[in-house]
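The values are calculated or read from the model by the stated rules, or taken from the named source; none is laboratory data. Remember, it's a predicted structure, so these values are computed and weren't measured experimentally. Ideal geometry is used to build each Cβ from the backbone, glycine not excepted, and the neighbour counts take in all protein chains shown. Quick note on the areas: whole protein, heavy atoms, side chains included, nothing else; ligands and nucleic acids left out. Shrake-Rupley method; radii C 1.70, N 1.55, O 1.52, S 1.80 Å.
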Amino acid sequence: MPTLLALSGSPSPHSRTAVVADHVLRRLSHAGYDTAHLAIRELPAADLLSARRGEPEIRRALEAVAAADGIIVATPVYKAAYTGLLKAFLDLLPQDGLAGKTVLPIATGGSLAHVLTLDYALRPVLAALGARHVTAGRFVLDSSVERGAGRPDRLRPEAELDLFQAVDEFAGALDTAASAARAALATAP
C-alpha cells in the first residue's frame, strides 16, 4: 500500500488547516494507507529559513517527502497565496523533489474569493517540482471547520462530503500509479 505524507503549512498551533489534513489522513488510514503528518511550523525556524538541509530535523523532513508515494499539501490562504512557511519548505526540496508522486492540494480560508489560490499559486509550484499527478484540490472555508469545545474538531457535513470526494479521487490516482508501476516491473527484462 502506498505511503502518504501530509504537509501542513499553517504557522498557527490551533490550525484549521491541520484539522482538515488530519481528517484527510484518517480517511486514508481507514482505507489501509500508511500515513504521516508533518506540521512545517514544528521544524526549527532558523534552519528552515536558512535552508540548512543538513540539519537533522530538516533532513528527516526532506527524507519523509522523498520516501512518500503521495503528498497532501495543505495550507491556509493568506493574502491570496499559500503561506510563506510552506514556500520556505518547498524551496528546500530538490528541483525534482515531487517526481513520481501523486499530490493532493488543499487550501483553507475565510472567503471563497481565495479558491483560485489552488490553481494559480499552488498547482504551478507542485508541477514545477515534478509531481507526476496533481489531483483536483479542494478549498475548505474556515467556517466549515468546527473547533471542539470538549469534543473533537470536525468538518461540517457538506464540506466533509466535498473533501472526501477529492480524497477518493486522490486514492484512485495513487492506486492507478501503483498498478502501473507493478505492471512495468512485471514486463521489465
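Among the conditions (1) open to solvent by 20 Å² or more (accessible area, probe 1.4 Å); (2) modelled with pLDDT of 95 or more; (3) closer than 30 Å to GLU55 by Cα, the only one that ARG132 does not satisfy is (2). Taking the numbered list (1) open to solvent by less than 70 Å² (accessible area, probe 1.4 Å); (2) charged (D, E, K, R); (3) at pLDDT below 95 in turn, ARG151 passes all entries but (1).
The selection criterion, being surrounded by 16 or more Cβ atoms within 10 Å (Cβ to Cβ) and closer than 29 Å to ALA66 by Cα, holds for LEU163.
Residue-wise test of (1) of a type in the set (Lys, Arg); (2) open to solvent by 20 Å² or more (accessible area, probe 1.4 Å); (3) touching a helix residue (DSSP H, G or I) at 6+ places or on another chain (Cβ under 7 Å).
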residue: HIS14; (1), (2), (3): no, yes, no
residue: ASP22; (1), (2), (3): no, yes, no
residue: ASP34; (1), (2), (3): no, yes, no
residue: LEU49; (1), (2), (3): no, yes, yes
residue: ALA61; (1), (2), (3): no, no, no
residue: THR83; (1), (2), (3): no, no, no
residue: PHE89; (1), (2), (3): no, no, yes
residue: PRO94; (1), (2), (3): no, yes, no
residue: LYS101; (1), (2), (3): yes, no, no
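Taken as a whole, the condition of being assigned to a strand (DSSP E or B), touching a residue at least 40 places away in the same chain (Cβ under 8 Å) and touching a strand residue (DSSP E or B) at 6+ places or on another chain (Cβ under 8 Å) applies to LEU4.
Being open to solvent by 60 Å² or more (accessible area, probe 1.4 Å) and out of contact with any Ser or Thr (no Cβ under 8 Å at 6 or more places or on another chain) is the filter; apply it to the range 103-114 and report the residue that is farthest from GLU169 (Cα to Cα).
Only one residue tops the list, namely ALA113.
Please work out which residue is nearest to the chain's Cα centre (by Cα), limiting yourself to the range 66-81 and to residues that are among the small types (Gly, Ala, Ser) and open to solvent by less than 20 Å² (accessible area, probe 1.4 Å).
ALA74
Only residues that are more than 16 Å from LEU174 (Cβ to Cβ) and part of a loop (DSSP other than H, G, I, E, B) were counted in the range 20-50, giving 3.
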